[in-house]
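The values are calculated or read from the model by the stated rules, or taken from the named source; none is laboratory data. All values derive from a computational prediction rather than experimental measurement. Using ideal geometry, Cβ is built from the backbone for each residue, glycine included, and neighbour counts are taken over all protein chains shown. Each accessible area value is taken on the protein alone, full model and side chains, heavy atoms only, with ligands, DNA and RNA left out. Shrake-Rupley method; radii C 1.70, N 1.55, O 1.52, S 1.80 Å.
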Amino acid sequence: MPTSTQRSDSGTSTNAAPAGTTGRDAPLLARNRVLDVVIMVSYLLISIGLYRDLWRGLPVSYLVDSGEDQNLFEWFFAVQAHALAAGHPTLVSALQNHPVGVNLMANTAMPGLALPLAPLTLLAGPTATWALVLTGGLAGTAAGWYWLYSRHLVRSRWSAAVGGACCAFTPPVISHAHAHPNFTAMFLLPVIVLWLVRLRVATENGRRVKIGVLLGLLIAWQVMIGEEPLLILATGLVVYALAWAVVRPRTLLASARSLVTGLGVAAAVAIPLVGYPLWVQFTGPSSYRALRHGMAGNDLTVFGALPKQSVGGQLLSPEQVVANPTEQNAFFGWPLLVLLLVAMVWLWREVPARLATITLLVMAALSAGGHAVVNGQDTGIPGPWLLLHQLPLYESLIEARLTFACLPVIGMLLALASDRVLVRPPRPVLPGAWLRWLTSRRLWFAALVLALLPILPVRFITTTRADTPALFSSGAWRDYVRPGRAIVTVPLPDTSNAHALHWQVVAGLEFPIAEGYFVGPFGPAREGTYGAERRPTSWLLAETAISGAVPAIGPEQRAAAIDDLRYWRADAVVLAAAPNAAALRATLDQLLGPGQDRDDVVVWDVRSVTG
């Protein structure tokens with residue numbers, strides 16, 4: 001989010017090579033190129049180190065804190081790869097929630113990566129694609145922001161490296177890196193900002209058009225990777241631009257023509273490319289109006305807390321129980337917050353730092369939700385999120401995730417402060433040797449280490465995936481299921497039990513399943529919900545799996561079961577290992593007659609009753 005390509009509004013020179021570079025500059029340029037490689041390779045090695053257990057255990061390793069999301073994303077990758085190989089890439093699939101299907105665009109299916117990586121998925125399996133997207137996403141995101149900072153914000157490569165790392169390896173991203181590849185593979189976002197910066201200073205219409213075309217292509221690709229991170233970035237950029245308009249209105253006005261021209265061209269390029277996918281997402285089969293999460297802002301106390309997946313979290317509370325380890329969106333720790341406050345005051349005279357400070361404070365306030373919550377108690381104090389939460393697109397956004405827009409400006413502040421002590425003599429706002437010592441290199445970097453050490457991420461823990469039932473891995477399911485007909489796995493898959501999606505993948509995606517784990521419409525209003533609208537038999541079996549008690553079964557329940565099986569167009573019901581499996585088998589025996597033991601599952605052949 002810097003504001004210039006050659007010189008910032010505050011006078012901070014950048015590392016961009018001037019047109020008249022002389023031979024004397026060649027050693028410096030060569031050294032900087034070497035540093036670029038070293039820093040980017042370091043990001044990749046850090047990412048591989050975090051996911052080393054996942055890579056070692058392919059293809060059976062499973063991230064412990066991913067819940068059912070690893071099954072879901074692997075299913076997304078596999079479905080799109082198989083559809084592409086068959087010659088008919090699709091945005092809707094009936095392999096889940098048969099026969100209604102699932103709108104892939106209305107879910108986080110990431111076709112922008114799933115399709116290019118389809119060869120890897122087909123050759124090595126979707127777990128390899130999952131591991132690559134997570135690992136490469138973290139490293140690519142850090143590298144992208146590093147490149148932007150090193151070319152358009154600071155002169156020191158090491159300062160830029162600190163800023164880039166803050167955009168990929170701080171708690172909000174690491175929290176989502178358990179299970180949400182759309183929030184790790186954000187490598188296009190800094191590239192989009194980079195070209196916005198270059199667009200701002202473009203003076204020729206031809207160059208503005210070229211940059212606009214490139215921006216349109218980048219934005220379209222990002223829409224197909226992850227719309228939510230793009231919306232969050234756009235929100236942060238709007239706040240940054242508004243702050244810029246207040247702090248330096250003339251500078252912004254001088255750039256207005258370039259920005260309007262380029263963004264107009266970008267829209268003209270992007271809309272035709274993503275128009276149809278977005279039409280499918282919002283109006284196509286199994287689309288929904290909005291996915292409402294209620295008020296889900298950050299408790300103000302968590303900003304200073306340490307996350308589970310960090311050095312400090314592991315040392316201070318290794319046994320902590322976290323309700324959702326993938327949504328620790330604001331656990332920055334008090335040492336970093338204090339250091340940021342120091343940097344804000346120290347660098348306030350520099351325009352980029354001032355804009356970064358304003359953006360950081362506004363986005364943090366937005367992430368706190370509609371009312372300020374302190375230690376779990378609603379204070380009743382309204383927040384700025386109330387101005388946005390009913391707007392289109394924002395109504396489906398989890399506002400706590402708006403801290404992602406804080407990361408680039410946190411990176412800016414730390415990069416600017418590091419650059420100040422590395423390449424510029426201290427300019428204290430107050431006289432005195434003590435303040436010059438306070439802003440010395442040694443003290444600053446000691447403070448930086450102390451601030452970042454507690455939130456350094458630790459490796460992600462994996463477990464070995466349970467074996468797929470032999471009925472599916474051996475192909476024996478074909479003895480019971482006709483082409484195009486569904487299998488009902490018991491209990492039916494949902495957000496807490498999506499093993500059936502993996503079984504489908506192992507079986508080559510040759511049969512659909514009833515219900516599933518996805519986001520789809522619910523009720524006449526078509527509001528978004530997680531999972532299918534349950535049928536009566538699905539409710540009955542879910543309650544049995546939870547309680548372990550066999551319910552009373554009579555003609556009404558048997559008739560409902562037959563109706564539901566016909567609705568699902570099912571040929572077989574399969575019970576694999578599950579909680580309270582004995583009660584589930586007894587229930588199904590009463591509903592459908594005695595089941596057949598086959599390999600390591602129980603099968604009920606229902607072709608005779610479903611037609």
Checklist entry - When you look at residue 491, is it open to solvent by less than 30 Å² (accessible area, probe 1.4 Å), farther than 24 Å from residue 121 by Cα and in contact with a helix residue (DSSP H, G or I) (Cβ under 8 Å, 6 or more places away or on another chain), yes or no? => result yes
Next on the checklist: For the range 573-595, which positions are under 17 Å from residue 480 (Cα atoms) and touching a helix residue (DSSP H, G or I) at 6+ places or on another chain (Cβ under 7 Å)?
Outcome noted: 573, 574, 575, 592, 595
Checklist entry - Has the range 190-197 got any residue that is more than 23 Å from residue 394 (Cα to Cα) and either part of a loop (DSSP other than H, G, I, E, B) or among the aromatic types (Phe, Trp, Tyr) (or both)? => result yes
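One line per residue, one yes/no per condition, for (1) in contact with a helix residue (DSSP H, G or I) (Cβ under 7 Å, 6 or more places away or on another chain); (2) modelled with pLDDT under 95; (3) small (Gly, Ala, Ser); (4) open to solvent by less than 30 Å² (accessible area, probe 1.4 Å):
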residue: 451; (1), (2), (3), (4): yes, no, yes, yes
residue: 462; (1), (2), (3), (4): yes, no, no, no
residue: 471; (1), (2), (3), (4): yes, no, no, yes
residue: 485; (1), (2), (3), (4): no, no, no, no
Checklist outcome for this item: Going through the range 313-327 in order, the residues found to be open to solvent by 30 Å² or more (accessible area, probe 1.4 Å), within 20 Å of residue 66 (Cα to Cα) and in a helix (DSSP H, G or I) are 314, 327
Next on the checklist: It is to be established whether one or more residues within the range 276-289 are open to solvent by less than 50 Å² (accessible area, probe 1.4 Å) and without any contact (Cβ under 8 Å) to a residue 12 or more places away in the chain.
Outcome noted: no
Item to check | Residue tally, condition open to solvent by 60 Å² or more (accessible area, probe 1.4 Å), in a loop (DSSP other than H, G, I, E, B) and more than 20 Å from residue 451 (Cβ to Cβ), over the range 328-379 | outcome: 2
Next on the checklist: Anything in the range 182-218 that is of a type in the set (A, V, I, L, M) and open to solvent by 50 Å² or more (accessible area, probe 1.4 Å)? List them, or say none.
Outcome noted: 201, 209, 213, 214, 217
Checklist entry - What about residue 350, is it touching a Lys or Arg at 6+ places or on another chain (Cβ under 7 Å) and of a type in the set (D, E, K, R)? => result no
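Just checking, does the range 32-47 include any residue being polar (S, T, N, Q), assigned to a loop (DSSP other than H, G, I, E, B), over 21 Å from residue 137 (Cβ atoms) and in contact (Cβ under 8 Å) with a residue 12 or more places away in the chain?
No - not one qualifying residue is present in the range 32-47.
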Checklist outcome for this item: Every listed condition ((1) assigned to a loop (DSSP other than H, G, I, E, B); (2) open to solvent by 60 Å² or more (accessible area, probe 1.4 Å); (3) at pLDDT 95 or above) holds for residue 19 save (3)
Checklist entry - What tally of residues in the range 296-312 results from selecting those that are open to solvent by less than 30 Å² (accessible area, probe 1.4 Å), within 23 Å of residue 450 (Cα to Cα) and touching a residue at least 60 places away in the same chain (Cβ under 8 Å)? => result 5
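If a residue must be among the basic types (Lys, Arg) and at positive phi, how many such residues does the range 567-611 contain?
Here the count works out to 1.
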Next on the checklist: Restricting to the range 380-395, give me the number of residues that are under 25 Å from the mean Cα position of the chain (by Cα) and surrounded by fewer than 18 Cβ atoms within 10 Å (Cβ to Cβ).
Outcome noted: 10
Next on the checklist: Exactly one of these conditions fails for residue 580: (1) open to solvent by 50 Å² or more (accessible area, probe 1.4 Å); (2) polar (S, T, N, Q); (3) under 26 Å from residue 468 (Cβ atoms); (4) more than 39 Å from the chain's Cα centre (by Cα). Give me its number.
Outcome noted: (4)
Item to check | residue 142 vs. criteria more than 13 Å from residue 182 (Cα to Cα) and open to solvent by 10 Å² or more (accessible area, probe 1.4 Å) | outcome: no
Item to check | Criterion (touching a strand residue (DSSP E or B) at 6+ places or on another chain (Cβ under 8 Å), open to solvent by less than 10 Å² (accessible area, probe 1.4 Å) and without any contact (Cβ under 8 Å) to a residue 40 or more places away in the chain) met by exactly one of 54, 104 | outcome: 104
Checklist outcome for this item: From the option list 95, 117, single residue qualifying as touching a residue at least 40 places away in the same chain (Cβ under 8 Å), touching a Leu at 6+ places or on another chain (Cβ under 8 Å), under 20 Å from residue 521 (Cα atoms) and not acidic (Asp, Glu) is 95
Checklist entry - With (1) open to solvent by 50 Å² or more (accessible area, probe 1.4 Å); (2) part of a helix (DSSP H, G or I); (3) modelled with pLDDT of 95 or more as the list, and residue 436 as the residue in question, which single condition is left unmet? => result (3)
Checklist outcome for this item: Every listed condition ((1) under 20 Å from the mean Cα position of the chain (by Cα); (2) open to solvent by less than 10 Å² (accessible area, probe 1.4 Å)) holds for residue 64 save (2)
Next on the checklist: Out of everything in the range 586-611 that is in contact with a Phe, Trp or Tyr (Cβ under 7 Å, 6 or more places away or on another chain) and assigned to a strand (DSSP E or B), what residue ends up being farthest from residue 565 (Cα to Cα)?
Outcome noted: 603
Checklist entry - residue 232 versus (1) in contact (Cβ under 8 Å) with a residue 12 or more places away in the chain; (2) touching a Lys or Arg at 6+ places or on another chain (Cβ under 9 Å); (3) open to solvent by 20 Å² or more (accessible area, probe 1.4 Å): which is the lone unmet condition? => result (3)
Checklist entry - If you check every pair at least six apart or on different chains, which have Cβ atoms under 8 Å apart with a residue in the range 325-352 that is over 15 Å from residue 421 (Cα atoms) first and a residue that is of a type in the set (Asp, Glu) second? => result 325/65; 326/65; 326/69; 351/9; 352/9
Next on the checklist: Checking the structure you have, find out if any residue of the range 526-547 is touching a residue at least 12 places away in the same chain (Cβ under 8 Å), assigned to a strand (DSSP E or B) and open to solvent by 60 Å² or more (accessible area, probe 1.4 Å).
Outcome noted: yes
Next on the checklist: Quick check on residue 513: is it touching a His at 6+ places or on another chain (Cβ under 7 Å) and either among the aromatic types (Phe, Trp, Tyr) or touching a residue at least 12 places away in the same chain (Cβ under 8 Å) (or both)?
Outcome noted: yes
